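Participant: My questions all concern the structure below.
The values are calculated or read from the model by the stated rules, or taken from the named source; none is laboratory data. Keep in mind that what you see is a predicted model, and the values were worked out from it rather than measured. Methodologically, a virtual Cβ is constructed for each residue, glycine included, from the backbone with ideal geometry; neighbour enumeration extends over all protein chains shown.
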Amino acid sequence: MNLTRRRALQIMAASVAVPLGVLALRSARGLPQPVQWRGEALGAMSAMTLWSHDKARAERAIVRMRAEIDRLEDIFSLYRATSELSRLNADGRVDAPSRDLVHVLDQSQRIAEASGGKFDPTIQPLWTLHSARSAPDLRNLEAALSLVDYTAISAHIQTVRFEQAGMSASLNGIAQGYITDRVTELLGNEGFENAVIELGETRALGQAPDGTPFRVGLLNPHEPNQVMEHVSLAGASLSVSGGYGQSLPDGTGHHIFDPLTGKSANELAQVAVVAPRAMLADALSTAIYVAGERASAAILSTVAGASAILIRPDGSRLQV
Amino acid sequence: MIAIAENRVRGPRLALLLVLGVLAFTILAMAPARAQSDESGAGPLLTRLTPEVLSAVFPEVTRVEMVEDDGPIAAAAYDGETLSGYVYSTLDVLRAPGYSSTPFDVIAGVTMDGRITGAVVLFHREPYLINDARRTAQLNTFLHALEGGEARLGADSTLPPEFVAGATISSRAMRNAVQEGGRMVLRYRTEEFIVTEPTVDMINFRPMSAAELVADGGVAGARITNADLDAAMAQAGLGDLLPEVPKTGGPDNLYINFVTGYANPPRIGRNGTGLEPYDHLINGMPESTQGIFVATLGGVYDHRGTRYNNLSNDFLLERISVTQGEHTYQFTKPDMIVTPGKIADILVLPTDNEFDPMQPWRADLYANALRPDGSTANFVLASLDYALPSGYILMPEPEPMPAWVEPWLASQGDIAILLIALSVLTFLLANQAWLSRNRRLHLILRNGFLAFTLVWIGWTASAQLSIVHVVNYIKAPFAGLDLGFYLAEPLIVILSIYTAVSLVLLGRGVFCGWLCPFGALQELLAQISRALKLPQWNPGERLQRILWNGKYVSLGLILILVFVAPDAAVVAEEIEPFKTAITAYFVRALPYVIYAVALLTIGLFTERAFCRFLCPLGGALAILDRLHLLNLLKRRPECGNPCHLCERSCPVRAIESSGKIIMSECFQCLDCQVEYYDDQRCPPLAKVRKQLERAKEFGPAPVRVPAGEPA
Ligand code: SF4
């Protein structure tokens, strides 16, 4: 084909016209509006906030995400006696488990390994021990500690089981992280660009519609009704570990234990971790909270792109 | 059935014992907690109930007053002088431990019918404090929403949402505590009834006049005038005789005003007869005794007569019978509970009857005519059909709708538009010969539909079918995704079904060529490009055959990644520019926008290049296209040899030089059919036309009609 000058100009003009049209279309739309849902997932107050030009579409997406959350609760919720995790804890094994359960157990073992056992998904016996109303005696503590062993989980697609009788897993944070990740990714997959998913852990999909990162307030561990600072979050997750959340009935401390000693960890007042995925952020923040300041850099280095803000008991702050 | 626990009136005390048992247990078990919370200074309820808290938990209440009884601690909430409900504290009522040893304290209000009016959280040691107004408000919304059954959708406020990360609180324990506390507070002080199946309403009562009862259907009435009497007698063939009870006045004068109804609901039985006769039916008879209420409100006649007093007559109340199904009930004097001073009775049904109050029944009112010989002839004066109105039936709480129903209800309008559009499309495809014969009509309807697909289906309703949906459907058996996950997108569901059916009938072209918004966008741009005479380039036949496989490659890539590397699959799905160009209106990150724009620009010179060579969804449909049952596109023997007109007219080059249409590449645009029917352009047809014209001019000549030509 012989390209005349006229032809070439025509082609160029047409090629420019398309992007111009697209630009016009883009600017014809205003800023997207937020649609928010508040409810409960895995027993915790939860929220999903999506920005969309089409409110009805966002609402339909939320309905679909609730269906997905419900499905995952049937796997991970300790509040549902028939959930896979409840059955695993009761019977020590689950045949034909869901891929989700295998995946989360597998991931939690990896992180346990990387954190040198400071994060351990089989911590539930310690929690059961401490939720009794009196302080545990030493013998019970040792018995419970012997049941905390992430290497004794065998997670395969045919069967998930504990290799030791009496073990039980609490995937609390990490399962919430997984659900947060699933929902965020499904929404991204549906073409949503801006959303904040708070299903036990916080994850930002994209950034705020104005192009800046989302700002998530971080509570002051000493004054928990005050926001201490804001963390910028864009396409990443934030997980906060602190002892103030749930104190123990026996009065010996709070709900985050050192899997190696069985005692509540107390070296840090609060750890906030930003990581690409909520499941990782949760595991990292728990592990650092337990392992303390010195191990924090090493633990963080296991996940690319992770950073942390540590608050010491005296209120001083350290960015890692 | 109905389970009533009127605690201090009568009936089984099981419920009360249960409540007390739970209470005692709770208090015992929580003894240490009580000590702790008392330490932490939770004062009496009224001191914690500041005006601020009260207005949050029970708006529209003017006054609260502690209830002085032995029940769960609560304050009665009054609006003026009427008792609206109760205010209570979960700490007092349940001493509920959450995760934490410190029992949280939620103050909440409950109305008399068990609706939570509001809840405020007062924590002692935990991070939620009343002076944190924003989060208290969030929690209130949350508790409200859950009390309504299901957290509803929607933005709480017009303010930009704020996010705070920190300790998660156990909403579950709190919600349960609020609900259980409300139930305990109410159960002690009100009747509680649980309806599990439609049940006659024995609970609600308010004074009602006979007229009101007739108006709402609680009783059925018949006003019978002298004229009606004459008519009834004539009907019975007794028109010549006189009634036993003589009428007075003219034809419009009242003979009897009779009413009847099911006596057991207090609104009917008690209003109809008064407290005493009604109480006799309900409490003075064996359990579950049923009665029929009958009354004469005026006229010279009445439903009783006098003969029911006579032993000789077996005390039979001969003027009334009640019929349900095959059973007819008659009553005698001992069956009557009479109302002193009124002609109103409750007729007690036999205890071993099969009478079902939920089913309709009929009451017949009889009268006698006097024969000349002094004997009497019985006839039906009036038949009253009766059915217990729904207002007298308690229905069990309806099962909450599954969440996916909401979008279907909310988008009824959109569903209607889509269904109309699909009907139009079905019509066009079914009548494609008619459509193709008129070039202008085809142009207008075809482009009109494409514009609709792009602007409405795509940009307005965001109903772009995509490979993501196909992947979800394929994954469903493995992922165990909830059905609601699929059903929550009504338009996508409808489009998927239509596409599947059309795929089996006609092939992939129906979706790709008519219902895909991105396809429509490309085709409309291409039409403009062609109108502007921009150069068009298409690969040669051999190269095109190779390029066609591109879409199967991208489909295969996505399908493999979905199962081996789901994260990468999400990236691979971005081969589709649909999200960018349609659902997000190009408001996306720059690389996506550049990609989509590039595809559109290529489309200007090579029509639907993306659809033909790259689209994974098109690939999936094209594979399944092999199954299609019908082929409506017309061909002639000359197609391909020697004629190549259609081949060149096909914008996507789906017609090979042999003249064969490759259906898996055809978009059902019907352009080739327009040529096929064009007797100016289609050479075989033009030849026939010319022969015919010549025949008209020069007389008949042998004509060969090409095969395939419709008569
Ligand atoms: S021109 Fe004919 S063969 Fe080509 S896409 Fe249209 S209908 Fe199919």
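Participant: State whether the residues of the range B:597-611 include one that is closer than 14 Å to B:C512 by Cβ, within 16 Å of the ligand (Cβ to nearest atom), in a helix (DSSP H, G or I) and of a type in the set (F, W, Y).
Facilitator: We begin by selecting, within the range B:597-611, every residue closer than 14 Å to B:C512 by Cβ; these are B:603, B:607-611.
Still in the list and also within 16 Å of the ligand (Cβ to nearest atom): B:603, B:607-611.
If we keep only those that are in a helix (DSSP H, G or I) as well, we get B:603, B:609-611.
Keeping just the survivors that are of a type in the set (F, W, Y) gives B:610.
Checked against the condition, which is being closer than 14 Å to B:C512 by Cβ, within 16 Å of the ligand (Cβ to nearest atom), in a helix (DSSP H, G or I) and of a type in the set (F, W, Y), the range B:597-611 yields at least one hit.
Participant: Could you tell me which residue of the range B:78-109 is modelled with the lowest pLDDT, considering only residues that are within 14 Å of chain A (Cβ to nearest Cβ) and out of contact with any strand residue (DSSP E or B) (no Cβ under 9 Å at 6 or more places or on another chain)?
Facilitator: Filtering the range B:78-109 for residues within 14 Å of chain A (Cβ to nearest Cβ) gives B:95-104, B:106.
In the following step, the residues that additionally are out of contact with any strand residue (DSSP E or B) (no Cβ under 9 Å at 6 or more places or on another chain) were identified as B:95, B:97, B:103.
Details: B:R95: 63, B:P97: 43, B:P103: 54.
Once the filter is applied, the top-ranked residue is B:P97.
Participant: Hey, another quick one. Anything in the range A:17-55 that is assigned to a helix (DSSP H, G or I) and either more than 7 Å from chain B (Cβ to nearest Cβ) or at pLDDT 85 or above (or both)? List them, or say none.
Facilitator: Restricting attention to the range A:17-55, the residues satisfying the condition of being assigned to a helix (DSSP H, G or I) are A:17-28, A:55.
Result: A:A17, A:V18, A:P19, A:L20, A:G21, A:V22, A:L23, A:A24, A:S27, A:A28, A:K55.
Participant: So which residues in the range B:604-614 are within 12 Å of B:L521 (Cα to Cα) and either surrounded by fewer than 21 Cβ atoms within 10 Å (Cβ to Cβ) or at the interface with chain A (Cβ under 9 Å from one of its Cβ atoms) (or both)?
Facilitator: First, the residues of the range B:604-614 that are within 12 Å of B:L521 (Cα to Cα): B:604, B:607-608, B:610-611.
Within the range B:604-614, just B:L604 meets the criteria.
Participant: Here's another thing I want to ask about it. Kindly indicate whether any position in the range A:239-254 is closer than 30 Å to A:S27 by Cα, of a type outside the set (A, V, I, L, M), modelled with pLDDT of 85 or more and crowded, with 20+ Cβ neighbours inside 10 Å. Outline the logic, then answer.
Facilitator: Within the range A:239-254, the first condition is being closer than 30 Å to A:S27 by Cα, and the residues that meet it are none.
Taking every residue of the range A:239-254 in turn, none turns out to be closer than 30 Å to A:S27 by Cα, of a type outside the set (A, V, I, L, M), modelled with pLDDT of 85 or more and crowded, with 20+ Cβ neighbours inside 10 Å.
Participant: May I ask you to list the residues in the range B:415-459 that are in contact (Cβ under 8 Å) with a residue 40 or more places away in the chain, among the aromatic types (F, W, Y) and closer than 23 Å to B:C672 by Cα?
Facilitator: Once the filter is applied, which keeps residues that are in contact (Cβ under 8 Å) with a residue 40 or more places away in the chain, among the aromatic types (F, W, Y) and closer than 23 Å to B:C672 by Cα, the range B:415-459 yields only B:F449.
Participant: Would you mind listing the strands (runs of 3 or more DSSP E) fully within the range B:46-92 where at least 3 residues are under 18 Å from B:I116 (Cβ atoms) and out of contact with any Ser or Thr (no Cβ under 8 Å at 6 or more places or on another chain)?
Facilitator: On the way: elements: B:63-66, B:75-79, B:82-89.
Hits in the range B:46-92: B:82-89.
Participant: Now a separate question. Scan the range B:659-681 and give yes if some residue there is more than 16 Å from the ligand (Cβ to nearest atom) and β-branched (V, I, T), otherwise no.
Facilitator: no
Participant: Could you check the range B:576-598 and list, in sequence order, the residues that are surrounded by fewer than 21 Cβ atoms within 10 Å (Cβ to Cβ) and more than 8 Å from chain A (Cβ to nearest Cβ)?
Facilitator: Across the range B:576-598, the qualifying residues are B:L590, B:P591, B:Y592, B:I594, B:Y595, B:A598.
Participant: Can you spot a residue in the range B:700-708 that is outside any helix (DSSP H, G or I), surrounded by fewer than 21 Cβ atoms within 10 Å (Cβ to Cβ), modelled with pLDDT of 85 or more and within 16 Å of the ligand (Cβ to nearest atom)? Talk me through it step by step, then tell me what you get.
Facilitator: Going residue by residue through the range B:700-708, those that are outside any helix (DSSP H, G or I) are B:700-708.
Filter once more, keeping what is surrounded by fewer than 21 Cβ atoms within 10 Å (Cβ to Cβ): B:700-708.
Filter again for modelled with pLDDT of 85 or more, leaving none.
Checking the range B:700-708: not a single residue is outside any helix (DSSP H, G or I), surrounded by fewer than 21 Cβ atoms within 10 Å (Cβ to Cβ), modelled with pLDDT of 85 or more and within 16 Å of the ligand (Cβ to nearest atom).
Participant: Now for a different question. Within the range B:291-303, how many residues turn out to be under 14 Å from B:A363 (Cβ atoms) and part of a loop (DSSP other than H, G, I, E, B)?
Facilitator: At the first step, the residues of the range B:291-303 found to be under 14 Å from B:A363 (Cβ atoms) are B:291-296, B:303.
Subset that is part of a loop (DSSP other than H, G, I, E, B): B:303.
Qualifying residue count, the range B:291-303: 1.
Participant: Shifting gears a bit: Do any strands (runs of 3 or more DSSP E) entirely within the range B:309-375 hold 2 or more residues that are at pLDDT 90 or above and of a type in the set (K, R), and if so, which? Full working, then the answer.
Facilitator: Details: elements: B:316-324, B:327-332, B:336-338, B:344-348, B:361-370.
Those strands (runs of 3 or more DSSP E) do not exist here; none qualify.
Participant: Right, next: So which residues in the range B:207-243 are at pLDDT below 90 and of a type in the set (D, E, K, R), if there are any at all?
Facilitator: Within the range B:207-243, just B:D240 meets the criteria.
Participant: Can I ask one more? Against the conditions (1) over 22 Å from A:I11 (Cα atoms); (2) of a type in the set (V, I, T); (3) within 14 Å of the ligand (Cβ to nearest atom), where does B:I623 fall short? Just the number, please.
Facilitator: (3)
Participant: A further question on this structure: In this structure, is B:L381 at pLDDT 90 or above and either more than 44 Å from the chain's Cα centre (by Cα) or among the small types (G, A, S) (or both)? First the steps, then the outcome.
Facilitator: Numbers: at pLDDT 90 or above: yes; either more than 44 Å from the chain's Cα centre (by Cα) or among the small types (G, A, S) (or both): yes.
Yes, satisfied.
Participant: Among the residues that make up the range B:110-120, is at least one of them modelled with pLDDT of 50 or more and within 14 Å of chain A (Cβ to nearest Cβ)?
Facilitator: From the range B:110-120, those modelled with pLDDT of 50 or more are B:110-120; that's our starting set.
Going one step further and asking which of them are within 14 Å of chain A (Cβ to nearest Cβ), we end up with B:119.
Yes: one or more hits.
Participant: If I go through the range B:473-490 residue by residue, how many of them are modelled with pLDDT of 75 or more and more than 9 Å from chain A (Cβ to nearest Cβ)?
Facilitator: 3
Participant: With a cut-off of at least 1 residues that are modelled with pLDDT under 85 and more than 14 Å from chain B (Cβ to nearest Cβ), name the helices (runs of 4 or more DSSP H) lying wholly within the range A:85-203.
Facilitator: Qualifying helices (runs of 4 or more DSSP H): A:99-114, A:124-130, A:138-146.
Participant: Tell me yes or no: at least one residue of the range B:493-503 is out of contact with any His (no Cβ under 9 Å at 6 or more places or on another chain), closer than 28 Å to A:G188 by Cα, among the small types (G, A, S) and surrounded by 18 or more Cβ atoms within 10 Å (Cβ to Cβ).
Facilitator: no
Participant: Show the residue pairs that are 6+ apart or on different chains and have beta-carbon atoms under 7 Å apart, the first residue being within the range B:669-687 and within 14 Å of another protein chain (Cβ to nearest Cβ), the second being more than 16 Å from the ligand (Cβ to nearest atom).
Facilitator: Filtered contacts from the range B:669-687: no entries.
Participant: Show the residue pairs that are 6+ apart or on different chains and have beta-carbon atoms under 6 Å apart, the first residue being within the range B:637-652 and more than 18 Å from B:D679 (Cβ to Cβ) and of a type outside the set (G, A, S), the second being near the ligand (Cβ under 7 Å from one of its atoms) and assigned to a loop (DSSP other than H, G, I, E, B).
Facilitator: B:V652/B:F667
Participant: Sticking with this one: Checking B:D567 against (1) within 12 Å of chain A (Cβ to nearest Cβ); (2) surrounded by 24 or more Cβ atoms within 10 Å (Cβ to Cβ): exactly one of these is not met. Which one?
Facilitator: (2)
Participant: Filter the range B:626-644 down to the residues that are crowded, with 17+ Cβ neighbours inside 10 Å and within 11 Å of the ligand (Cβ to nearest atom), then identify the one that is farthest from the other protein chains (Cβ to nearest Cβ).
Facilitator: Checking each candidate, the answer is B:K634.
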